Amino acid sequence: MKRILADAKAFGKQYLRSRTGTFFALAFPVILILLFGAIFSGTGSASLAIYVQDLDNTPASHTFISALNSTQILVYNPIPADVNITGFIRDNSINTALLIPRGFGDNVSRAMLLHDQNASVTVTLYGDPTQSSFGIASSAVEGAITGYNFFVRQAAPVVHMTTGQVSERGAKYIDLFLPGIIGFTILTTPLFGMTGICAEYRTRKYFKFLATTKLSKAEWLAAKIVFYVLLMFVSVALILTAGVLVFHMDGTITPVAVLLIIAGTVEFTSLGMLLGIFIRDSETAAAIANAIGFPMMFLAGSFFPLDLFPSYLKTVAHFLPLTYLNEGLRSTMVLGNDSVALVDLAVTTGIAVVFFIIPARTLSWKSK
Amino acid sequence: MTDLAIEVRGLRKEYPDIKAVDGIDFEVRPGQIFSLLGPNGAGKTTTVEILEGLRDPTAGSAKVFGKDVTKEYRHIRERGGALPQDFEPFDRLTPTEAVGYWSALFDRKIAEEEVAKNIETVGLTSRANTQGIHLSGGEKRRLGIAMALVGNPDLVFLDEPTTGLDPGARRELWGLIRSLQTAGKTVLLTTHYLDEAEQLADDVAIMNKGRIVARGSPEELITRYGHGTTIVLAGAGQAGYDALQARGIAATVENGNVLVHVDDPSLVRWTLAKVASIEMPLKEIYTRRSTLEDVFLRLIGSRMKEGVLAE
């Protein structure tokens, strides 16, 4: 343990004394959150497809659908009235769908025209609550319902929504970027850092030099993990501070989020060393890190919810380790769904263990 | 046989396209400075790295303090320190931090005073708090030696410690290497500098193409393979050469100088008097004893500059 701490301390000093390393680890994510915050907290926002099965098919239900469309977040897509909605969702890989029941128009008419205090109707939002877009859709539908109720009966509730598993917290679109940026930082800082370090240690023959000491490869990797975990906590604190102070983002660091940050850092620090097995120089390191890191940061939904992706890219995303980190962080930090986040934590931890064991056993400090 | 610091027998290291080390034997006694001397690619570093436990030999045996390097290299780490070839220290650590860090990797709890003493040993006290990136080439190598010494090793491997340094820095490092021997340590020094081996080594193995082509102390090698004494007629040129030829004296011309080699020491005075009596244009006349450079030229057939053999 002393050797690990000694190596982590020495490595940390070198890292933090390098202005480039410090910038990319601490300042760059903050710049990124400010940049995305500026883009997405204003008028511009991405749209989300919502599928609606209108079993009522009356002027009242048509008006309600118009209210959904007017949120500028939701884009209406119809589901035929003669199909089973849950089957349709499953068959078409749809994340969010809304059911408007029969009798919708009758209840609205009774409320509007007869001022019937007992008139009430419930629409149901179906979907996979583990997907971040479900929270967005839920918030948007709630907003549309509020507006519609106001139109129908001066805000007295006529239309209600039920979801069954939807998050306790409503999520703004911008909130989803917070865990995305954290996931992005946990991917890039250790991954790019470790591939570069492996290249430097190989070209400058530090591995050979270290091989003459009692430090083992596993200890060396553990030391890097210790440092990067500490660095990521500092980085996350800065990201949260910037996001909350400047854009009033909603994100809570839960115990599960802490565990995800640790597991994700272990995962991508180890992946960097795993790639380091094949790296011979700094040019190769940059090429490999870019080739792995850049597609993953986009395809794993760091910046855009996976639900906005075509279905084939969604399939690809499920093979990327960052996907589980991003989704887990979103589930626990934004949607408040720890039970789902724990599944992502388990996957992330499993991958981290595999990524740690392979280089710790196979990377050779000896020459052939 | 445990009274030997190093014992190498029939050591081979083969790759698909080359025999890097081709069946070498040597031994090093405790307290010696032993030098592996040869051009780049001779097999020096491969041999050292096998001894350090960093490479596995193809065949043969190598023992350090009686321990087999392939099976018991952990024990060797207890008693050996190493300065790798082309050593560069960590850019952002000061010598004080680097030595403290390195000692922790040997499980040695080292006090600040001991770190300072270690740094003083290699003459870096005034630069103790300067980051590695700002040290000169010689200072970096000194720091490398300081790091190699943190485990207080009995044996120090120095792989081309002065390569790329200016003459002044090289000579300063020579003093440091001698002080290691004075402190009772055994030093295995690889170099392609002939003067370095001649100045420092008690025992020299000249390597070429994976083989040891000659072995002995510098004096023994010079006596055995050198030209004895050379009379140098500086600036005599072709005219001087022709004049000597006319008197039946064998000579060679090198860089405008005429060289007369005298193998038998008893004939030096007589030959010098005879040569000096011959009229020829010259700048000066002096004698020069053979060096390892002459030995190398005779054994390998070409001169060596910065580790590269001349065509």
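Please go through region A:252-262 and give me each residue that is closer than 16 Å to A:ALA352 by Cβ and open to solvent by 20 Å² or more (accessible area, probe 1.4 Å), ordered by number.
Within region A:252-262, the first condition is being closer than 16 Å to A:ALA352 by Cβ, and the residues that meet it are A:256-262.
A:VAL258, A:LEU259, A:ILE262, listed by residue number.
Can you tell me which residues in region B:6-31 are of a type in the set (A, V, I, L, M, F, W, C), surrounded by 15 or more Cβ atoms within 10 Å (Cβ to Cβ) and either in contact with a Phe, Trp or Tyr (Cβ under 8 Å, 6 or more places away or on another chain) or within 14 Å of chain A (Cβ to nearest Cβ) (or both)?
Passing the criteria: B:ILE6, B:VAL8, B:ALA20, B:VAL21, B:PHE26, B:VAL28.
Can you work out which of the residues in region B:95-108 that are of a type outside the set (D, E, K, R) and more than 9 Å from every other protein chain (Cβ to nearest Cβ) is farthest from B:GLU52 (Cα to Cα)?
So, considering only residues that are of a type outside the set (D, E, K, R) and more than 9 Å from every other protein chain (Cβ to nearest Cβ), the one farthest from B:GLU52 (Cα to Cα) is B:THR96.
What tally of residues in region B:32-50 results from selecting those that are in a loop (DSSP other than H, G, I, E, B) and within 14 Å of another protein chain (Cβ to nearest Cβ)? So that I can check it myself, show each step before the final result.
At the first step, the residues of region B:32-50 found to be in a loop (DSSP other than H, G, I, E, B) are B:32, B:38-43.
Subsequent filtering for residues that are within 14 Å of another protein chain (Cβ to nearest Cβ) retains B:43.
Going through region B:32-50 one residue at a time, the tally reaches 1.
Kindly indicate the residue of region A:314-368 that is of a type in the set (Lys, Arg) and within 14 Å of another protein chain (Cβ to nearest Cβ) and also nearest to A:GLU267 (Cα to Cα) among those meeting that condition. Full working, then the answer.
Residues of region A:314-368 of a type in the set (Lys, Arg): A:314, A:330, A:361, A:366, A:368.
Now drop any that are not within 14 Å of another protein chain (Cβ to nearest Cβ), which leaves A:366, A:368.
On the way: A:LYS366: 25, A:LYS368: 28 Å.
Looking at the filtered set, the residue picked out is A:LYS366.
Are any residues in region B:160-186 surrounded by fewer than 22 Cβ atoms within 10 Å (Cβ to Cβ) and of a type in the set (D, E, K, R), and if so, which ones?
Passing the criteria: B:ASP166, B:ARG170, B:ARG171, B:GLU172, B:ARG178, B:LYS185.
Quick one: how many residues across region B:257-310 are closer than 17 Å to B:GLU198 by Cβ and without any contact (Cβ under 8 Å) to a residue 12 or more places away in the chain?
Residues meeting the conditions: 3.
Pairs needed: first member in region A:1-21, free of Cβ contacts under 8 Å to residues at least 12 places away in the same chain; second member anywhere, part of a helix (DSSP H, G or I) and loosely packed, with under 15 Cβ neighbours inside 10 Å; C-beta distance under 9 Å; at least 6 residues apart or different chains.
Note: pairs meeting the criteria are A:LEU16/A:THR22.
Conditions first: (1) modelled with pLDDT of 90 or more; (2) touching a Ser or Thr at 6+ places or on another chain (Cβ under 8 Å). A:LEU345 passes all but one, so which condition is the exception?
With respect to (1) modelled with pLDDT of 90 or more; (2) touching a Ser or Thr at 6+ places or on another chain (Cβ under 8 Å), A:LEU345 is out only on (2).
Determine whether A:MET249 is open to solvent by less than 30 Å² (accessible area, probe 1.4 Å), on the phi < 0 side of the Ramachandran plot and either modelled with pLDDT of 85 or more or of a type outside the set (A, V, I, L, M, F, W, C) (or both).
Considered against the rule, which asks whether it is open to solvent by less than 30 Å² (accessible area, probe 1.4 Å), on the phi < 0 side of the Ramachandran plot and either modelled with pLDDT of 85 or more or of a type outside the set (A, V, I, L, M, F, W, C) (or both), A:MET249 comes out as no.
Which helices (runs of 4 or more DSSP H) sit wholly inside region A:13-132 and have at least 3 residues that are at pLDDT 85 or above and either in the same structural domain as A:PRO310 (by TED's automatic domain parsing) or open to solvent by 60 Å² or more (accessible area, probe 1.4 Å) (or both)?
Those helices (runs of 4 or more DSSP H) span A:59-69.
Mind listing just one residue for me: the one in region A:207-227 that is of a type outside the set (S, T, N, Q) and facing another protein chain (nearest Cβ under 8 Å) and, of those, most open to solvent (accessible area, probe 1.4 Å)?
Within region A:207-227, the match that is most open to solvent (accessible area, probe 1.4 Å) is A:LYS214.
Of these, B:ILE212, B:ILE285, B:ILE249, which one is at pLDDT 90 or above, assigned to a strand (DSSP E or B) and over 30 Å from B:GLY60 (Cβ atoms)?
Working: B:ILE212 fails: over 30 Å from B:GLY60 (Cβ atoms); B:ILE249 fails: assigned to a strand (DSSP E or B).
Answer to the check: B:ILE285.
Just give me the residues in region B:88-140 being surrounded by fewer than 17 Cβ atoms within 10 Å (Cβ to Cβ) and outside any loop (DSSP other than H, G, I, E, B), in sequence order.
Of everything in region B:88-140, those that are surrounded by fewer than 17 Cβ atoms within 10 Å (Cβ to Cβ) and outside any loop (DSSP other than H, G, I, E, B) turn out to be B:GLU112, B:GLU113, B:GLU114, B:ALA116, B:LYS117, B:GLU120, B:THR125, B:SER126, B:ILE133, B:HIS134, B:GLY137.
Residues are listed down the side, and each one gets a yes or a no for (1) touching a strand residue (DSSP E or B) at 6+ places or on another chain (Cβ under 7 Å); (2) surrounded by fewer than 18 Cβ atoms within 10 Å (Cβ to Cβ); (3) modelled with pLDDT of 90 or more:
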site	(1), (2), (3)
B:ILE231	yes, no, yes
B:TYR241	yes, no, yes
B:LEU244	yes, no, yes
B:GLU254	no, yes, no
B:PRO265	yes, yes, no
B:LEU272	yes, yes, yes
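Go over the candidates B:LEU309, B:LEU292 one by one and state the one that is under 30 Å from B:ASP86 (Cβ atoms) and touching a strand residue (DSSP E or B) at 6+ places or on another chain (Cβ under 8 Å).
B:LEU292
Cβ-Cβ below 7 Å, separation at least six or inter-chain, first residue in region B:78-93 and within 7 Å of chain A (Cβ to nearest Cβ), second at pLDDT 90 or above and in a strand (DSSP E or B): which pairs?
B:ALA82/B:PHE157; B:PRO84/B:ASP159
Among the listed residues B:ARG127, B:ARG170, which satisfies the condition of being within 30 Å of A:ARG17 (Cα to Cα), touching an Asp or Glu at 6+ places or on another chain (Cβ under 8 Å) and of a type in the set (D, E, K, R)?
Result of the check over B:ARG127, B:ARG170: B:ARG127.
Report yes if some residue within region A:191-204 is open to solvent by 20 Å² or more (accessible area, probe 1.4 Å), within 14 Å of another protein chain (Cβ to nearest Cβ) and in contact with a helix residue (DSSP H, G or I) (Cβ under 6 Å, 6 or more places away or on another chain); otherwise report no.
Yes, some residue in region A:191-204 is open to solvent by 20 Å² or more (accessible area, probe 1.4 Å), within 14 Å of another protein chain (Cβ to nearest Cβ) and in contact with a helix residue (DSSP H, G or I) (Cβ under 6 Å, 6 or more places away or on another chain).
The values are calculated or read from the model by the stated rules, or taken from the named source; none is laboratory data. Since the structure is predicted, the reported quantities are computational estimates derived from the model, not experimental observations. All Cβ positions, glycine included, derive from the backbone under ideal geometry; neighbour counts span all protein chains shown. Side chains included, ligands, DNA and RNA excluded: accessible areas come from the protein's heavy atoms. Shrake-Rupley method; radii C 1.70, N 1.55, O 1.52, S 1.80 Å.
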